[in-house]
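*Asks:* Can you read through this structure? Questions will come right after.
The values are calculated or read from the model by the stated rules, or taken from the named source; none is laboratory data. Note that the structure is predicted; figures quoted are calculated from it, not measured. So basically every Cβ, Gly included, is an ideal-geometry build from the backbone, and we count neighbours across all protein chains shown.
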Amino acid sequence: MVEDIKKRIERLRNEIRRHDYLYYVLNQPEISDRQYDKLFAELKALEQAEPHLLTGDSPTQRVSGRPLEAFASIRHAVAMLSMDNALTGDELRAFDERVAKGLAGGDYDYVVELKIDGLAISLRYEDGLLVTAATRGDGEAGDDVTANVRTIKAIPLVLLSNGKIPGVLEVRGEVYMPEKSFLELNGLREEAGEPVFANPRNAAAGSLKLLDARITAARNLAFFAYATGEVSVPLAQNHWQSLAQFRKLGLPVNPNTKKADNIDQVIDFCLGWAEKKEKLDYQIDGMVVKVNRFDQQDSLGATGRAPRWCIAYKFPAEQAETIVGTIDVQVGKSGILTPVANLAPVQLAGTTVKRASLHNFDELNRLDVREGDTVIIEKAGEIIPQVVQVKPELRPADAKPFEIPKKCPDCRAEVARDEAGVYIRCMNPNCPGRLKERLKYFAGRGQMDIENLGSALIEQLVETGLVKNFADLYKLTSDKLVGLERMAEKSAANVIKAIADSKTQPLWRLIAALGIRHIGGQSAQILAGHFASLDALMDADEEALSQIDQVGPIMAKSVYEYFRNPENRGVINALTAAGVKPRRSENRRSDKLAGKTVVVTGTLENFTRQQAEYAVTQAGGKAASSVSKKTDFVLAGANPGSKLDKALSLGIKVLNEKEFLRLIGRE
């Protein structure tokens, strides 16, 4: 009986995978959604009846029932480089000339793809099973978003066997949100009184960075594969063949990809899509042009940041004409004054634009933007609206040049121009305008990541005097928030909880959140990795700081001076007194695995593979990628593959997940 159920479960899994392939890869569904749901429900019921037959690669196991505490980091086996851009046909021809020169006159052709406006992702398959998924990050390492990526039905958990499956296959591609899903999501957010996403790309990126995969699963994300990273056995000899292999393996590939014999065909294809891109159910912001043959790609190589064998053709930015009503001056977190144009509302690139940055007063004067002017605006990188042209012939007769402020618009303190002469700053460190922006930055996703603490609430906290520095955030209570605009008891409680949760963020996040000049997220991580604590960083002298790799004298001086400011020291002491205790994630938690080499294989219940390897290093051990005589033991989950076989042949100890948790003291 059990054997019959086991066979039925396997048949159902294979049938569901086949229908996923027909739907997402071939776009040729054979059954209705209702019939698909019946198959899925039957499989789920059988697995619940016989839980010992449940495996991590089952279609029912896409969604994790347990939210993550944080995202681990995954280092890419092959770097995910960025691409150089071309904005015109002439620039594409210049790229072609460089390719021809680099290949010394040899024959070559191109593959041209749509540049999907989503989030780049790297999927790692081992023995055909999806083991990890990571964002691009800085190109060298990204966030482990495996739990969220598993919820995307277009991404197979198990590769189909009708293609050649390498032991290791890293697939690079784009996760995106279709227009229909984007509109539905924003509609639901509006009904719930939540802020809407500006565009599908932001919605896709935000959905992949949720700690609860159950929410991601409801976002209906999609995926197209377009390249490989690490591959143990080459899939093909050229890119076009590689895309064909992806399809055979069950990976969706954009159907609008085309092979081109020469640059003229490339340009025609690019210009054609610039005109018809609006017909797609997803957003694209250009085209990607790649030399087809892999040996020629290798021959052309790469610069420090971008391959020489590919280029991104960016569509011209959409422009719109509107009228400047007034010009405001905003105060940034470092005191920089920025002129901003308030506009007559106009539709641009799918959104209603009411404001546009003028960047700085030199730019404002260069363009000679005045209140009442008719201007041309566009979105820089399809995100930030900016004024690019003034139409002086339509200017009102009484329009006057905008006067550069001599005092801060928020606090009326003196302003001064930077030494470089570009920016004008408010010199009052206690300026409420500066404080608002510093608090917004402090609470931001890339810093302390305090959910529910948005711009509107921060404005109120400063204006009512409830918050005068970072530490005051941690002194807030629900009763102080209730009564503020859109702050009922439940909303207030959510804010207080999010603030409390941020007290133990990693050290680098706190360093970044302080807003030290010249110190961003990456340099904050470098400093956190070098020093054992915030106290050690504060006590470091300028010379010691400047000798840290990738820090240098300018950053060192900025950090040193920041921590020599008594007011900054006072705020940090107040943060500590309020219970802010940043953790240094690099620190070893124990020595339970000191000197031990561990290999992780298969699908685990409590960890992704990257998280399990991180747990090994936290316990003092070394996480290895392959089994050898030097391996002390193997941690094996479901569907462990060839690594388990090798461990058994070498007589290496194998632990299950429960034994591993007991060993590192986490059970």
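*Asks:* Tell me yes or no: at least one residue of segment 551-571 is among the hydrophobic types (A, V, I, L, M, F, W, C), outside any helix (DSSP H, G or I) and over 22 Å from the mean Cα position of the chain (by Cα). Walk me through it before giving the result.
*Replies:* Within segment 551-571, the subset among the hydrophobic types (A, V, I, L, M, F, W, C) is 551, 554-556, 559, 563, 571.
Those left that are additionally outside any helix (DSSP H, G or I): 551.
Next cut, over 22 Å from the mean Cα position of the chain (by Cα) only: 551.
Scanning segment 551-571, I find at least one residue that is among the hydrophobic types (A, V, I, L, M, F, W, C), outside any helix (DSSP H, G or I) and over 22 Å from the mean Cα position of the chain (by Cα), so the answer is yes.
*Asks:* Does segment 245-254 contain any residue that is loosely packed, with under 15 Cβ neighbours inside 10 Å and not acidic (Asp, Glu)?
*Replies:* Within segment 245-254 (the criterion being loosely packed, with under 15 Cβ neighbours inside 10 Å and not acidic (Asp, Glu)), the answer is no, since none of the residues qualifies.
*Asks:* Considering only residues of segment 183-241 that are more than 23 Å from Ser455 (Cα to Cα), of a type in the set (D, E, K, R) and in a helix (DSSP H, G or I), which is modelled with the lowest pLDDT?
*Replies:* Residue satisfying both the conditions and the ranking: Arg214.
*Asks:* Inspect segment 587-594 for any residue being modelled with pLDDT under 90, more than 27 Å from the chain's Cα centre (by Cα) and either aliphatic (A, V, I, L, M) or assigned by TED's automatic domain parsing to the domain that holds Ile336 (or both) and give the result as yes or no.
*Replies:* There is at least one residue in segment 587-594 that is modelled with pLDDT under 90, more than 27 Å from the chain's Cα centre (by Cα) and either aliphatic (A, V, I, L, M) or assigned by TED's automatic domain parsing to the domain that holds Ile336 (or both).
*Asks:* Report, by residue number, each residue of segment 482-499 that is touching a residue at least 24 places away in the same chain (Cβ under 8 Å) and either on the phi > 0 side of the Ramachandran plot or surrounded by 14 or more Cβ atoms within 10 Å (Cβ to Cβ) (or both).
*Replies:* Passing the criteria: Leu484, Arg486, Met487, Ser491, Asn494, Val495, Ala498, Ile499.
*Asks:* Anything in segment 11-58 that is closer than 25 Å to Pro255 by Cα, in a helix (DSSP H, G or I) and at pLDDT 75 or above? List them, or say none.
*Replies:* Asn14, Glu15, Ile16, Arg17, Arg18, His19, Asp20, Tyr21, Leu22, Tyr36
Let's see how each residue does on (1) at pLDDT below 90; (2) of a type in the set (A, V, I, L, M); (3) outside the structural domain of Lys101 (by TED's automatic domain parsing); (4) more than 25 Å from Leu87 (Cα to Cα):
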{"site": "Gln296", "(1), (2), (3), (4)": "no, no, no, no"}
{"site": "Trp309", "(1), (2), (3), (4)": "no, no, no, no"}
{"site": "Asp328", "(1), (2), (3), (4)": "no, no, yes, yes"}
{"site": "Ala344", "(1), (2), (3), (4)": "no, yes, yes, yes"}
{"site": "Gln347", "(1), (2), (3), (4)": "yes, no, yes, no"}
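*Asks:* Let me ask something else about it. Every residue in segment 156-184 that is touching a helix residue (DSSP H, G or I) at 6+ places or on another chain (Cβ under 6 Å) and buried (at least 22 other Cβ atoms within 10 Å of the Cβ), please.
*Replies:* Leu159, Val175, Tyr176, Met177, Phe182
*Asks:* Being surrounded by 20 or more Cβ atoms within 10 Å (Cβ to Cβ) and touching a residue at least 40 places away in the same chain (Cβ under 8 Å) is the filter; apply it to segment 520-561 and report the residue that is nearest to Gly137 (Cα to Cα).
*Replies:* Ala528
*Asks:* Just name the residue that is modelled with the highest pLDDT out of those in segment 349-369 that are assigned to a loop (DSSP other than H, G, I, E, B) and more than 14 Å from Gly325 (Cβ to Cβ).
*Replies:* This residue is Asp368.
*Asks:* Here are some conditions: (1) in a loop (DSSP other than H, G, I, E, B); (2) surrounded by fewer than 18 Cβ atoms within 10 Å (Cβ to Cβ); (3) at pLDDT 90 or above. Leu453 meets all but one. Which one does it not meet?
*Replies:* Of everything listed in (1) in a loop (DSSP other than H, G, I, E, B); (2) surrounded by fewer than 18 Cβ atoms within 10 Å (Cβ to Cβ); (3) at pLDDT 90 or above, Leu453 misses just condition (2).
*Asks:* So which residues in segment 99-116 are closer than 22 Å to Phe246 by Cα and surrounded by 19 or more Cβ atoms within 10 Å (Cβ to Cβ), if there are any at all?
*Replies:* Across segment 99-116, the qualifying residues are Tyr110, Val111, Val112, Glu113, Leu114, Lys115, Ile116.
*Asks:* Could you tell me whether any residue of segment 491-498 is at pLDDT 85 or above and in a loop (DSSP other than H, G, I, E, B)?
*Replies:* First pass over segment 491-498, keeping only residues at pLDDT 85 or above: 491-498.
Still in the list and also in a loop (DSSP other than H, G, I, E, B): none.
Scanning segment 491-498 turns up no residue that is at pLDDT 85 or above and in a loop (DSSP other than H, G, I, E, B).
*Asks:* If you don't mind, another one. If Gly372 satisfies every condition in (1) within 29 Å of Ala456 (Cα to Cα); (2) at pLDDT below 90 but one, which is the exception?
*Replies:* Every listed condition holds for Gly372 apart from (2).
*Asks:* Only one of Thr326, Thr352, Thr374 is free of Cβ contacts under 8 Å to residues at least 60 places away in the same chain, surrounded by fewer than 18 Cβ atoms within 10 Å (Cβ to Cβ) and touching a helix residue (DSSP H, G or I) at 6+ places or on another chain (Cβ under 9 Å). Can you tell me which? Steps first, answer last, please.
*Replies:* Values: Thr326 fails: touching a helix residue (DSSP H, G or I) at 6+ places or on another chain (Cβ under 9 Å); Thr352 fails: touching a helix residue (DSSP H, G or I) at 6+ places or on another chain (Cβ under 9 Å).
Checking each option against the conditions leaves just Thr374.
*Asks:* For segment 392-415, how many residues are free of Cβ contacts under 8 Å to residues at least 60 places away in the same chain and in contact with a strand residue (DSSP E or B) (Cβ under 6 Å, 6 or more places away or on another chain)?
*Replies:* 2
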